[in-house]
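Asks: Take this structure, written in structure tokens, and hold onto it; I'll ask about it next.
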Amino acid sequence: MNPFFIIFIGIPALEIFLLIKIGGQIGALNTVALIFLTAIIGVYTAKLQGIQTLRSGIVNLYQNKMPLYEIMSGASIAIAALLLIMPGFFTDFIGFLLLIPFTRKILFSVSLKNK
């Protein structure tokens, strides 16, 4: 299946489905409030993780080490922040997975083993 189909049709369809289901369970206003809350918490956490990654990268540069992990972490934190700003629960879930350092390391190791 074409990956563009999944990205541009599948993910928004899944997001709409989840918004309707969750909105039916907890109510429309609570759903909207939850979307704003996850965006605020996610962007704040992304900011903290980004600063921590930047500090770690600078320490590696001072030690004459290449900050490859920090570069990959910085890119994944930027993607996570973008996913968390987008309204929806699936993208928020993926964004929070990318923000947690433990799961980020697992995702890096799995993606690098396949290549």
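The values are calculated or read from the model by the stated rules, or taken from the named source; none is laboratory data. Note that the structure is a prediction, hence the values are computed from the model and not measured. Cβ coordinates were reconstructed from backbone atoms using ideal geometry, including for glycine residues, and neighbour counts include every protein chain displayed. Quick note on the areas: whole protein, heavy atoms, side chains included, nothing else; ligands and nucleic acids left out. Shrake-Rupley method; radii C 1.70, N 1.55, O 1.52, S 1.80 Å.
Asks: Among the residues of the range 101-115, how many are open to solvent by 80 Å² or more (accessible area, probe 1.4 Å) and not hydrophobic (A, V, I, L, M, F, W, C)?
Replies: 4
Asks: Can you find even one residue in the range 51-61 that is of a type outside the set (G, A, S), in contact with a Gly (Cβ under 9 Å, 6 or more places away or on another chain) and modelled with pLDDT under 95?
Replies: Yes; the residues of the range 51-61 include at least one that is of a type outside the set (G, A, S), in contact with a Gly (Cβ under 9 Å, 6 or more places away or on another chain) and modelled with pLDDT under 95.
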